[in-house]
1. Return, for the Cα atoms of segment A:34-171, the radius of gyration and Dmax in Å, separated by a comma.
2. For segment B:108-138, list whatever residues lose no less than 30 Å² of accessible surface once every protein chain is in place, relative to that chain by itself, with the probe at 1.4 Å.
3. Take residue B:79, project a point 7 Å from its Cα along the Cβ direction, then tell me which residues of segment B:241-277 have their backbone nitrogen under 11 Å from it.
4. Counting pairwise Cα distances across segment B:260-418, what percent come out greater than 20 angstrom?
5. Probe radius 1.4 Å, ligands and nucleic acids ignored: give me the carbon and sulfur share of the accessible area of the protein assembly as shown as a rounded percent.
6. Calculate, for segment A:63-171, the solvent-accessible area per residue in square angstrom, rolling a 1.4 angstrom probe over the heavy atoms of the protein chains.
7. Give me the tail of P(r) for segment B:38-150 as a percent: Cα-Cα pairs with distance above 21 Å.
8. At 1.4 Å probe size, put A:119, B:59, B:408 in order of accessible surface, largest to smallest.
Amino acid sequence: MRRMTIATAALLVGCGPSGSDPRSPQRMGLGREVPAHEVALVNRDVGPDGAELPPGRGTVAEGATVYAAKCASCHGANGEGMAPFPKLVGRPPEAEGFKFGASEAGLDRTIGNYWPYATTVFDYVRRAMPQLTPGTLTDPEVYALTAFLLASNQVIPMDAALDAESLRAVKMPYQDRFVPDNRRGGREVK
Amino acid sequence: MPTRRDMLASTAGALGGAVVFGVPPLPRPDPQGAQAPPPVRPPLAPMPDDPTSAPGAPTSALGERSHQVSVARTPTGLIAGSSLTPHQSLTGTITPSDLHFERHHAGVPAIDAAKHELLIHGLVDRTLAFSLADLKRFPRVTRTYFIECSGNGGGAFRRPRAEMTPQQIAGLASNTEWTGVPMRALFNEVGAQRGASWVLAEGSDAAELTRSIPMSKMLDDALVVWAQNGEPLRPAQGYPIRLLLPGWEGNASIKWLRRLELGTRPWMTREETSKYTDPLKDGTARQFSFEVDAKSIITAPVFPDRITRGWHPISGVAWSGRGRIARVEVSTNGGETWSNAALLNAPTPKAFVRFEQMWEWKGDETVLLSRATDETGYVQPTRAALIEARGIGTSYHSNPIYGWKVGTDGAVTFHGET
């Protein structure tokens, strides 16, 4: 059976502020059909369950080597950051326990003490870093860098290796602190 | 020395500091004059005493501002940088396209519009890529909406300083007439499936910037736009196409849009985890804070104006991500009494409204304030109330009441500690 689409449903019930657009036919036959292999070239995102993680593997030690060669020039030898390049590593005791909201001190948020998902490190480094030559890292290099950054932030052991399965299994220390937006307008300031 | 977080979270403040302290203040003959450095211009022909005494300049291919008007954004020169709208130089509600704020994470990409496509895939019946020409064949809508960066005013919130201008305080918000196609029409074309609840939007810049957007917003009022104030988008605003999520934090309105993937959960990208989340005083961090709370700012008189005794229009802009602005109140006595300002245009949802109140200055020291209320009944809070609700640990999504102190000498300075 052909599924009814959300957009069709929306048109039927007149959902949305302006309802259905009387000028819009059901379908206009526009756009180019894209084959799956072409989609795969650009569909490289990795979500929090790691379902899309590619094959490959990398160790913390390998990551340290790649980091020194391709990242340290901006983020510092130990990930300490150099303005305007952000700090990547650091778990100062005063920030532990997710103290950011109550602190006036402007505590640094790092992968170790703030980021809720390990997969975000993989996804972001692969798509956006190194800043001047993004897209040049191999998947094993990205696994290795992710391992190095997680280990330097005391999330996984220094002798660890990461692949799809082990990265999926990493739980970040403060993941459960993240809550959805509860502001709804009206009189209350939140 | 500013910390990394200060740098990132309070771009406006950091940049603004450079403008105020790095460049000597310009003489300001009238409130329309800009505070920003003057753009480079060819030498001027001498101005005749009497403009009616000789013919003027011939017609030209591109219009230019008068040489007597000097307006500019405040570029940082960084590829992951920003550049702020000079609100103190603007009137009305539309931000001229060349003064729309910029905030990029990896520079402004050069994109061949003839080759650019928007791919829609995932939970769809038909995986389709739309060219710009395809998109222009759908029924079009033209709507005016603001875009405000999630970090707008962060620096002024964290560390208010007397020498701050509206550009530094609120320059990461601009208001534009956009033209494009409703997302609903595109999702109808691809056959969006019932199970889809989140959509990943991806840009074609070097950061391949990605955000997860709830399907409900996409089916509500999301647009894919290609035009800005009657002409193609400026490159810094997403040429050839961008996502436009009316009323939502600017970062989510992905510029240079190239891909939409329909799925069942958010992707937890860096921009919705490491950045743009608000750590609160209760030890949680608020995520997906999409809707912009109601906000207003007086744009005249402001620092570094020096006013004289007599009547002055107090003028400013207000906006809300939740709908229309219902009213803007102005206080000319530091918040003791408030009165409704006149709204100079009919408020429309999720767009700037210009307010104005005439005020006679008799020479006393005072503080001018503005306070917006939107159609949900939300009232712009003081800075103290915001800190009370959230704590001091976040400066994203800040919308405190902003004040302007008028000294007995007529000098106007920023009063941020409301």
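1. 15.4, 52
2. Residues of segment B:108-138 that lose at least 30 Å² of accessible area once the other chains are added: B:117, B:119, B:121, B:125, B:126, B:127, B:128, B:129, B:137.
3. none
4. 56 percent
5. C and S fraction of accessible area: 56 percent.
6. In whole numbers, segment A:63-171 has 40 Å² accessible per residue.
7. 65 percent
8. Putting A:119, B:59, B:408 in descending order of accessible area: B:59, B:408, A:119.
The values are calculated or read from the model by the stated rules, or taken from the named source; none is laboratory data. Predicted model, so just to flag it, every value in this text is computed and none were measured. As a convention, Cβ positions derive from the backbone with ideal geometry for all residues, glycine included, and neighbour counts pool all protein chains shown. Ligands, DNA and RNA are stripped out before the accessible areas are found, and what is left, the full protein with its side chains, is counted by its heavy atoms. Shrake-Rupley method; radii C 1.70, N 1.55, O 1.52, S 1.80 Å.
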